[in-house]
Amino acid sequence: DLVNFTLVERILEFRPTLKLLHAVKGETGIELAEIHFPKLILLDLNLPDMHGSEVLEKLQSNPRTAQLPVVVLSADATPSQIERLLTAGARNYLTKPFDIDPFLAVVDEMVGNRAPVSHS
């Protein structure tokens, strides 16, 4: 949603070399991933057209996007949900609300602080 995107956008102002792309829907995020091959996808689970786990599944099953790192951002902190998505291919799982420093540490680890970031 717009509030979460704005928060991520403000946090990533600390990383001015990163370009942030925003996809409101899961399908749009998948299309952007296929076009731009981002160094990182920040994936919210509650999307208007499909659940984020379905987005992750589609990204993982597509040879063109399977290697793109996906970090899930979700308010759902249940261990079973976290384990399920990490097993499905997410590289990390951050629960909302998240702290700025650990969030930036994950972003830096995934992208080396040099490349575009896509949020869906």
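The values are calculated or read from the model by the stated rules, or taken from the named source; none is laboratory data. All figures in this text were calculated on a predicted structure; none of them were measured in a lab. Glycine gets a Cβ as well: all are built from the backbone with ideal geometry, and neighbour counts include every protein chain shown. These area figures cover heavy atoms from the full protein model, side chains too; ligands, DNA and RNA do not enter into them. Shrake-Rupley method; radii C 1.70, N 1.55, O 1.52, S 1.80 Å.
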* Asked: Measuring with a 1.4 Å probe in the full set of protein chains, what accessible area per residue, in whole Å², belongs to the chain?
  -> 53 Å²
* **Fully extended contour minus Cα-Cα distance, from ASP101 to ARG64, at 0.36 nm per residue** => 10.2 nm
* Structure fact -> Per the C-alpha gyration tensor (a ≥ b ≥ c, the square roots of its eigenvalues), the chain is rounded if a/c is under 1.5, else prolate if a/b beats b/c, else oblate; here it's rounded
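Looking at segment 42-95, what % of its DSSP beta bridges pair antiparallel, to the nearest 5? Don't skip to the end; give the middle numbers.
Values: 1 of 8 bridges.
Approximately 10 percent, going by the DSSP bridge assignments.
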* Cross-link partners of LYS19 among aspartates and glutamates (Cα-Cα below 15 Å; sequence separation of 8 or more within a chain) -> GLU9, ASP108
* Run the numbers on the chain and let me know its relative contact order in percent, using alpha-carbon pairs under 8 Å that are six or more apart. => 39 percent
* Asked: Got a sec to turn the phi values of segment 49-59 into Karplus ³J(HN,Hα) couplings, 6.51 cos²θ - 1.76 cosθ + 1.60 with θ = phi - 60°, whole Hz, x for Gly and Pro?
  -> 9, 6, 6, x, 5, 5, 4, 4, 4, 5, 5
* Accessible carbon and sulfur surface of the chain relative to its total accessible area, %, 1.4 Å -> 53 percent
* For segment 9-80: rounded, prolate or oblate by the Cα gyration tensor [a/c cutoff 1.5] -> oblate
* Which distance in nm do the two modelled labels at ASN46 and ARG10 give, with both placed 7 Å along the Cα-to-Cβ direction? -> 1.9 nm
